[in-house]
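Novice: I'd like to ask some things about the structure below.
The values are calculated or read from the model by the stated rules, or taken from the named source; none is laboratory data. Given the structure is predicted, the values throughout are model-derived calculations rather than measurements. All Cβ positions, even for glycine, are placed from backbone atoms using ideal geometry, and neighbour counts span all protein chains on display. Ligands, DNA and RNA are stripped out before the accessible areas are found, and what is left, the full protein with its side chains, is counted by its heavy atoms. Shrake-Rupley method; radii C 1.70, N 1.55, O 1.52, S 1.80 Å.
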Amino acid sequence: PPAIRPGARWRALGQEPGDFEAREGRPFVEWAPSGALLTETLRRAGLSRSDVSLSNVRLCSAPKKMRDADKSRADDCCWPRLLREIEQAPAVLALGKTAFAACQRLGAGGEGRGEAGLTAMRGFPITLRVSGRSVPALATYHPAFALRSRRWLPTLRSDVLKALRHASGRLDWEE
């Protein structure tokens with residue numbers, strides 16, 4: 001289940017539970033590689049895990065060989081819950097392409113960027129429209145991707161810091 005923190009300034013969304021997360025029953029487990037990187041990135045930004053709500057697009061782990069059509073059905077199954085979570089979030093950090101795709105379903109687009117993919121949109125402000133409300137968001141790479149391709153670690157850290165600065169009112173979202 002998601003780790004929703006009352007009063008959290010933003011919500012981080014991942015793809016789905018990894019092996020460690022499925023075993024522990026919570027997202028971004030602190031001692032697992034992705035969770036440890038997220039914790040370290042938050043610490044560098046001056047926050048602790050308790051300052052952030054953590055969730056995933058899917059609450060169940062898809063089998064490694066699951067077809068895309070089946071993953072899409074799993075996303076649809078979790079959609080009402082995800083909408084409620086985003087509706088309550090002051091700001092959203094979408095971690096990875098699955099989380100970014102969920103944001104695109106809510107009309108996320110950058111100025112003049114249209115339906116661009118994650119690589120083109122990462123680090124740019126996007127707006128999610130949920131129940132007549134606009135929710136600021138930012139998409140970046142998933143910690144697991146940054147760990148596999150370490151050259152993206154500085155990008156992930158920079159994007160997370162930018163999102164946190166905005167959520168705390170220390171950065172104009174359009175900057």
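Novice: Whole-Hz Karplus ³J(HN,Hα) for segment 116-128, in order, using 6.51 cos²θ - 1.76 cosθ + 1.60 and θ = phi - 60°, x for Gly and Pro?
Specialist: 5, x, 4, 4, 6, 9, 4, x, 9, x, 10, 10, 9
Novice: Under 5 Å between amide H atoms, partner at least 5 residues away or on a different chain: which partners does Val130 have, H built in plane at 1.01 Å?
Specialist: Val135
Novice: Further question on the same structure: Amide H to amide H under 5 Å from Arg11: which residues, 5+ apart in sequence or cross-chain, H placed 1.01 Å off N in plane?
Specialist: Ala91, Val92, Leu93
Novice: Given a 1.4 angstrom probe, I'd like the percentage of the accessible area of segment 1-45 that is carbon and sulfur, rounded to a whole number.
Specialist: C and S atoms contribute 53 percent here.
Novice: Hey, can you rank 140-147, 117-124 by average C-beta count inside 10 Å, highest first?
Specialist: 140-147, 117-124
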